[in-house]
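Take a look at the structure set out below.
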Amino acid sequence: MNALHRWLCSSRRWRQTVEAHVVPWVLNGLDLGSTVLEIGPGYGAATDALRGRVAQLTCVEIDYRLADRLRRKQLGDNVIVRCEDATAMSIPTSTFDAAVCFTMLHHLPSVSLQNQLLAEVARVLRPGGLFAGTDSLESRLFRLIHAFDTLTPVKPDTFPDRLRAAGFEAVQVDVNPYAFRFRARKPS
């Protein structure tokens, strides 16, 4: 990430936005179960909002500096931070009740890697498991914030088919002026 993007994602304002608006919008009406996987926690804004909602939260972060930073925070005994690539996790099949990701899919360098991540999430979910998340809509400001970053925007109109191709069903995608949220289930 570039310096502007790092500053924004580590800011108090972003944390407050995630806690007050992003996480509640994504999780509204959902039961995550007891074991939850967070993909790409970054600076941990959503992690802070999630850790009190579930019995066990496992965070998978590819950036070792961010993973180490997250480990050093006082997160509690119910949070595990793993530094690994979420497109090829070492986690056993059918481990989690739910998986979530918040504004991180666009950081993968290609659509094929995004699709690989979706399939990998399906693999580590238990039958009937929930996958929910959000990502930003493409705009000039979004592109500016990501100048010289890895940026592969996710198109909400094609995302349902991509989730189905990865093995999910009951797919729902909702769009607001800034972002889209998704919900899908691994077949029972």
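The values are calculated or read from the model by the stated rules, or taken from the named source; none is laboratory data. These numbers were taken from a predicted model, which means no experiment stands behind them. Note that each Cβ is placed from the backbone with ideal geometry, even for glycine, and that neighbours are counted across all protein chains shown. Just so you know, the surface numbers come from the protein's heavy atoms only, side chains and all, with ligands and any DNA or RNA stripped out. Shrake-Rupley method; radii C 1.70, N 1.55, O 1.52, S 1.80 Å.
Summary of computed values
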quantity	calculated
Segment 81-110-segment 1-41 distance, computed between alpha-carbon centres (Å)	15 Å
Loop sites in segment 109-171: GluC sites (Glu not before Pro), DSSP, at most 15 other Cβ within 10 Å	GLU138
Within the chain, longest stretch free of exposed chymotrypsin sites (Phe, Trp or Tyr not before Pro) [DSSP loop, at most 15 other beta carbons within 10 Å]	1-147
Percentage of interatomic Cα-Cα distances in the chain larger than 30 Å	11 percent
Accessible area per residue, Å², the chain with all protein chains present, probe 1.4 Å	49 Å²
Taking all pairs of distinct alpha-carbon atoms in segment 27-74, Kirkwood radius in angstrom	11.2 Å
Max mean-square fluctuation residue, GNM over the chain, Cα-Cα springs under 10 Å, options PRO41, PRO177, PRO160	PRO177
Apportionment of accessible area to carbon and sulfur, segment 41-134, percent (1.4 Å)	51 percent
